[in-house]
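The values are calculated or read from the model by the stated rules, or taken from the named source; none is laboratory data. What you see is a predicted model, and the numbers here were worked out from it, not measured in a lab. Cβ sites come from the backbone with ideal geometry, for glycine too, and all protein chains shown count toward neighbours. Side chains are part of the model used for accessible areas, which takes the heavy atoms of the whole protein and leaves out ligands, DNA and RNA. Shrake-Rupley method; radii C 1.70, N 1.55, O 1.52, S 1.80 Å.
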Amino acid sequence: MQLIRVVLFGMGNMGRNHFRVLQSDPRYQLEAVVDPILDVLPDPAVPLLRTVEEALSLDWDLAVVAAPTELHYVIVKKILEHNRHVLVEKPAAGTMQEARELVQIAAERSLHLAVGNIERCNPVVGALRRLIQSGILGRLVHLTGTRAGGFPRNVKPGNNVILDLAVHELDVFRMLLGPLQVLNSIGHSTQLQDIFDTAEILVAGRQGATGSVHVNWLTPQRLRSIRVTGTDAVCTVDYIAQSCEISGLGLRERALNLLPELQWLESQGPLDRALLPVEKQETLKIQLDQLHRFLSGREHHLATHEQLVESVHLVEQAVELALQRTRPLVETGSPVELL
Ligand SMILES: NC(=O)c1ccc[n+]([C@@H]2O[C@H](COP(=O)([O-])OP(=O)(O)OC[C@H]3O[C@@H](n4cnc5c(N)ncnc54)[C@H](O)[C@@H]3O)[C@@H](O)[C@H]2O)c1
């Protein structure tokens, strides 16, 4: 495939990371950056444009959209209607209907549209899939995901912790469990009025396994983990450390045939513990590689087509349920009495 000429839309927190990885991958050429308020770029050789329209008057192939979430639908639609491929940051759009429309426009014009649900490219998620497929966990029963971190600098109306953080877990759970139903969702707005900054979401896969997601913007340190409970063993994944630890009774014996590559840790009594080796790599770089595979018609594991729509739909359902079911936190003015 020829060099892919890219325009990056939005040069904030995430845009800066896209800028860096695009500049480091020789298969892509960064033609311009669009950002209405930015003054300078890390590389002055890359032109800085102010509007989407200015960019659309130039000749290039692919847009990477890292503008604020509430602008995704409008910007991506405009770009697709000008016949360019798109990788849009998560979530791809505000509603399932908008996401479906974008996928349809892309299909009608034979364009490639993918969403940057980045954790599906995390090598540790690949390791987890291998582990599950080996059968060593037995039947999957429950997935627990935690994603927390400090409050974002500027939260626009319409954004919330479900859109911002739970989108990742819901997408990974969808990858691991197949199509999901959102059973329940509860959120709290502790800092800004009507903007959820904590949430709990309960989902179920078709084969009965369930998943619970906890997200918040209140925990000062970044936590990103999943625990997978199977009938025969439990696995804990840390997205940041890119580690995958498994524990279970009689694991060593079963692993001999199923997963000989396990690296054994000290057992705790009858409990065997091991690490599944993970080749650590920056997830955004893997995503860019997967994007190249997608653009050149090869197999990939980005969220595209119906999975892109589904990922927006899961978030949309979780927000709707949270809006219906959330009760305010009561301010008592005195310490909570434990009964
Ligand atoms: N995949 C991930 O892990 C991850 C992490 C953080 C953010 N994100 C996503 O990336 C997107 C951006 O988030 P952020 O934290 O970088 O936000 P940000 O506010 O730091 O940056 C957004 C940038 O977009 C620019 N912008 C505004 N209007 C624009 C327009 N019309 N055209 C082009 N640029 C425009 C702003 O000036 C700003 O520089 C969001 O959708 C967010 O959900 C993804």
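Worth a mention:
- Exclusive hit being touching a His at 6+ places or on another chain (Cβ under 6 Å), hydrophobic (A, V, I, L, M, F, W, C) and at pLDDT 95 or above, set LEU143, LEU111: LEU111
- Flag for THR146 being in contact with a Lys or Arg (Cβ under 8 Å, 6 or more places away or on another chain) and not basic (Lys, Arg): yes
- Within segment 297-339, tally of residues that are in a helix (DSSP H, G or I) and polar (S, T, N, Q): 4
- For segment 116-137, taking the residues that are over 18 Å from LEU256 (Cα atoms) and among the small types (Gly, Ala, Ser), the one that is most open to solvent (accessible area, probe 1.4 Å) is identified as GLY126.
- PRO335 more than 22 Å from ARG174 (Cα to Cα), in contact with an Asp or Glu (Cβ under 9 Å, 6 or more places away or on another chain) and either surrounded by 13 or more Cβ atoms within 10 Å (Cβ to Cβ) or not aliphatic (A, V, I, L, M) (or both): no
- Search result, residues across segment 121-156 that are among the aliphatic types (A, V, I, L, M), away from the ligand (no atom under 16 Å from the Cβ) and part of a loop (DSSP other than H, G, I, E, B): ILE136, LEU137
- Looking only at residues of segment 1-18 that are away from the ligand (no atom under 11 Å from the Cβ) and within 26 Å of the chain's Cα centre (by Cα), we find that the one that is most open to solvent (accessible area, probe 1.4 Å) is ARG5.
- Looking only at segment 22-55, and only at residues there that are in a helix (DSSP H, G or I) and closer than 23 Å to LEU80 by Cβ, the one that is nearest to the ligand (Cβ to nearest atom): VAL52
- Residues that are assigned to a helix (DSSP H, G or I), more than 15 Å from PRO123 (Cα to Cα) and either in contact with a Gly (Cβ under 6 Å, 6 or more places away or on another chain) or open to solvent by 30 Å² or more (accessible area, probe 1.4 Å) (or both) within segment 269-296 comprise just one, ARG293.
- Residue match in segment 33-44 (condition: among the charged types (D, E, K, R) and touching a Gly at 6+ places or on another chain (Cβ under 8 Å)): yes
Yes or no, residue by residue, for (1) part of a strand (DSSP E or B); (2) free of Cβ contacts under 8 Å to residues at least 40 places away in the same chain; (3) in the same structural domain as PRO152 (by TED's automatic domain parsing):
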residue	(1), (2), (3)
LEU183	yes, yes, yes
GLY187	yes, no, yes
GLN191	no, no, yes
PHE196	no, no, yes
ALA204	yes, yes, yes
GLN221	no, no, yes
ARG224	yes, no, yes
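- Evaluation of GLN263 against (1) without any contact (Cβ under 8 Å) to a residue 24 or more places away in the chain; (2) surrounded by 14 or more Cβ atoms within 10 Å (Cβ to Cβ) (one fails), failing number: (2)
Quick grid of which residues meet (1) in contact with a Pro (Cβ under 8 Å, 6 or more places away or on another chain); (2) surrounded by fewer than 16 Cβ atoms within 10 Å (Cβ to Cβ):
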| site | (1), (2) |
| --- | --- |
| LEU143 | no, no |
| LYS156 | yes, yes |
| GLN191 | no, yes |
| GLY205 | yes, no |
| ALA209 | no, no |
| VAL228 | no, no |
| CYS235 | no, no |
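- Tabulated pairs, segment 1-30, first in contact (Cβ under 8 Å) with a residue 40 or more places away in the chain, second hydroxyl-bearing (Ser, Thr, Tyr) and open to solvent by less than 30 Å² (accessible area, probe 1.4 Å), C-beta under 6 angstrom, 6+ apart or interchain: ILE4/TYR28; VAL6/TYR28; LEU22/TYR28
- Test: residue in segment 105-115 that is near the ligand (Cβ under 10 Å from one of its atoms), touching a residue at least 40 places away in the same chain (Cβ under 8 Å), buried (at least 22 other Cβ atoms within 10 Å of the Cβ) and not in a helix (DSSP H, G or I): yes
- Looking across GLU306, GLU299, one residue alone is closer than 19 Å to SER110 by Cβ, touching a helix residue (DSSP H, G or I) at 6+ places or on another chain (Cβ under 7 Å) and either loosely packed, with under 10 Cβ neighbours inside 10 Å or not assigned by TED's automatic domain parsing to the domain that holds LEU177 (or both). It is GLU299.
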